Amino acid sequence: MWVRLLIGAMLMVLVASGCTDEDPERPAGSGQDRASPTQSPTPTETSPPPPHPVSLRALMQREYNGRGLKLGRVLASTETYRQRRVTFRSGKLRISGVLNVPRGSGPFPAVVLAHGYIDPDIYVNGQGMRRELDWLARRGFVTLHVDYRNHAGSDDDPQADSNLRLGYTEDVINAVHALRKWDGPVDDERIGLAGRSMGGGVIYNVLTVQPGLVDAAVVFAPVSSNTVDNFNRWIRRDPSRSGIAQRIMRRHGAPEDKPGFWRNVSPRTYFDQVTEPILIHHGTSDDSCPIRWSRRTEAALERAGADVTLRVYPGEEHAFGPQWPLAMQRTTRFLRSELS
């Protein structure tokens, strides 16, 4: 009798030990802990809870239907390309942008551009990456500059800030789909991404949410791949933005109180999803986005097995000045190689 009781007690301990909480440093649903799609749940297993609606996991489960790219009026015409104002659909929203199309029959490789932070109240169509838009079009790339929701001629999303601007990620993903569905001279198999500052963070999000969507990505002076760094630097510690900071923390919790939520909105958490090569440009004198952020991002991507190159520019500041042409020459070589 005592032997059976002892065995029963041991079995209860073993069962209990199998019901521990998941690793607190890795959110459920990240690339390394998802079950194989060929596995079927056993009768004793339960389905994981749905992701928080404001999270990268939620964006991973969303269907994207970017479409309806419409050409507007001609904004510029050069010897190498023609520039037009455009709109396309991002879910229920209409998003505006600027499209440069090289002269010739094509098809041409394409690059979708994600600009950095500019107050939407003063932002105008195509602002933020005009130099890159022009440079790449002159070298044979179709370039689509996305204005994002709440910017220029785009539709409004009143929850954009409270949702940590994850809607910008949706807009860039849908821009790629809209380009592919357009009947213009775009090579559907050769599309890349480029982003600056905040737009670099948008690009990191896209690469984790939609691996395989594009062929390569370039970021200039990007924000941190840990969203807590960005929230603390530009929202929480800025007295002029205390109102939005409080709204965000009331809704989602402060980073120190709700670390799980903040991990799920940080692309670094999901770098094991990234399948595309990434080129990062960063100056050592950047006092807006410190270069240590890109060094940490590079290290995290390498640990996750991603193909990443960090190019460092001694003395260069956030906006890039004297060494911008060198950065663009490297960008052109990288895109031509990866989009070949």
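The angle between the Cα long axis of helix 242-252 and the main principal axis of the chain comes to about 40°, on a 0 to 90 degree scale.
Exposure proxy for GLU79, GLU302, GLU189: other Cβ atoms within 10 Å of each Cβ, ordered fewest to most, give GLU79, GLU189, GLU302. The spacing between the range 72-127 and the range 266-340, judged by their C-alpha centroids, is 23 Å.
Build a GNM of the chain with springs between Cα atoms under 10 Å apart, and of SER162, SER294, SER240 the one that fluctuates most is SER240. As a calculated quantity, the FRET efficiency between MET249 and ARG82 at R0 = 56 Å, using C-beta atoms, amounts to about 0.75.
Model label points for LEU75 and ASN232, set 7 angstrom from Cα along the Cα-to-Cβ axis, are 3.7 nm apart. Normalising the average separation of contacting C-alpha pairs (under 8 angstrom, six or more residues apart) by the number of residues puts the relative contact order of the range 56-338 at 16 percent. As a ratio to 2.2 N^0.38 Å, the alpha-carbon radius of gyration for the range 56-338 is 0.95.
By the count of neighbouring beta-carbon atoms within 10 Å, fewest first, LEU301, LEU213 end up ordered LEU213, LEU301. Which residues in the range 75-103 place their backbone N less than 18 Å from a point set 7 Å from the Cα of ASP183 along the Cα-to-Cβ direction? Residues passing the 18 Å test: 87-89. Dividing the summed -39500 (n - 2.57) terms of all DSSP H runs of n ≥ 4 by the residue count of the chain sets its mean residue ellipticity at 222 nm at -9500 deg cm²/dmol.
Of all DSSP bridge pairs formed entirely within the chain, close to 45 percent run antiparallel. Across the range 177-187, coupling constants 3J(HN,Hα) worked out from phi with the 6.51/-1.76/1.60 Karplus curve, θ = phi - 60°, read 4, 5, 4, 5, 7, 5, 8, x, x, 9, 7 Hz, and Gly and Pro carry x.
Bear in mind these aren't lab numbers, they're just calculated from the coordinates by the rules spelled out. If you're wondering where the values come from, they're calculated on a predicted model, not measured in any experiment. Using ideal geometry, Cβ is built from the backbone for each residue, glycine included, and neighbour counts are taken over all protein chains shown.
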